[in-house]
Amino acid sequence: MTRHMFASGNTPIGFVNFFDYILPLENAEKRYFLKGSSGSGKSTFMKKVAKHLGGDCEFFYCSGDPESLDGIHNKKAKIAVFDGTAPHTIDPLYPAVCDQILNLGMFISGEKLRRYAGKIIKNTDKKAEYYYNAYQYLAAAQKLDKIIYRSDLSGASCERAEGVLEQFTLTGGGGNLRKLFLQAVTPLGIIDFREQNFKNRLYMDFASLAERNLALSEVSAGLLKKGYDIDAFYNPLYPKDLESLYVKNTDILIMQGNGLQKRKNQKLTERLIALATDELYKARACHKENEKYYMESMDFEALEDYTSIFIESLIK
């Protein structure tokens, strides 16, 4: 089954990166790390690879531009392809053994690009400023949210965790854990993949944000001990707190069933998140402009040939 997720997120503490969890080395047949600039065709390359591999595939989207991919993982082939460039720089641990770098930047003409150098530098600096502003707005939104739910953040209980664990009977060795996001704050607003990905759900009711994190942490630990494989999804506004759990062996998403009661200042929190989104949109505009300059300097015909040869090597 196809899944759509985020392996990174824009949060109150800055950019949070879970790329190491997409396909851990111990579970991988092959991992490919794409290098290259904006506009060098990394996202298109991944989409073509995913199409040719077919089958169950996970798509990981860019929280800075959700129309682009940050990575793909084909579960049957045990193959992953990552965008290994900043801000989520990731490099091979065992080069040529399991991991391999694919340099799409070799198709860029430095001579053609040089005429845009000043504009690229200016846009890159502006983009960093917009991201800084976005993170400040998200930090303010989190602080206000904590004030709104202040009375709910103490005395958290995980009494419901045991009842949930009793419904899962598998016993065996320790399971595997991945950390990811199902939601992200993006230039296009908050994107939530829960409805798109998961039809089978187990609901838990919580009195507070703290109780949710504590209870889900207890459930996660218990399920891993029983041998279940877990995708732990974190909250983009509280990136150290669990929001939901996907139990792979059973195809069940454990999530909150009740909505926490909204307070009178909730709209202020939402407004601060909207302001963060506006800053991310400005950052994306700078990125898109730079992307245009790089695309004008790319040899896409040579890249197409390279992509075809790579795909053929996977099929063999």
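Values as computed for the structure displayed
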quantity	calculated
Residue within region 169-178 that is modelled with pLDDT of 85 or more and under 20 Å from Pro239 (Cβ atoms) present	yes
Qualifying residues in region 1-27 (those that are crowded, with 17+ Cβ neighbours inside 10 Å and part of a loop (DSSP other than H, G, I, E, B)) - the one nearest to the chain's Cα centre (by Cα)	Ala7
Residue, farthest from the chain's Cα centre (by Cα), within region 68-87, restricted to residues that are touching a residue at least 40 places away in the same chain (Cβ under 8 Å) and surrounded by fewer than 22 Cβ atoms within 10 Å (Cβ to Cβ)	Ala77
Count of residues meeting criterion [in a helix (DSSP H, G or I) and not polar (S, T, N, Q)] in region 90-126	19
Residue under evaluation Thr277, criteria (1) out of contact with any Lys or Arg (no Cβ under 9 Å at 6 or more places or on another chain); (2) more than 30 Å from Ala117 (Cα to Cα); (3) of a type in the set (Ser, Thr, Tyr), criterion not met	(2)
Boolean, Ala215 is among the small types (Gly, Ala, Ser) and either crowded, with 16+ Cβ neighbours inside 10 Å or touching a Ser or Thr at 6+ places or on another chain (Cβ under 8 Å) (or both)	yes
Cross-chain or 6+ apart pairs with Cβ under 6 Å, region 281-307 first and closer than 30 Å to Ile190 by Cα, then assigned to a helix (DSSP H, G or I) and aromatic (Phe, Trp, Tyr)	Lys282/Tyr130; Ala283/Tyr130; Ala283/Tyr131; Tyr293/Tyr116
Residue match in region 91-106 (condition: modelled with pLDDT under 90, touching a Phe, Trp or Tyr at 6+ places or on another chain (Cβ under 8 Å) and not aromatic (Phe, Trp, Tyr))	yes
In region 11-48, the residues that are farther than 18 Å from Ser308 by Cα and of a type in the set (Phe, Trp, Tyr)	Phe15, Phe18, Phe19, Tyr21
Matching residues, region 28-48, being among the aromatic types (Phe, Trp, Tyr) and not in a strand (DSSP E or B)	Phe45
Filtered residue count, region 49-67, keeping only those that are in a loop (DSSP other than H, G, I, E, B) and crowded, with 18+ Cβ neighbours inside 10 Å	2
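The values are calculated or read from the model by the stated rules, or taken from the named source; none is laboratory data. Note that the coordinates shown come from a computational prediction; the quantities given were computed from them, not determined experimentally. Cβ: placed from backbone, ideal geometry, glycine included. Neighbour counts: every protein chain shown.
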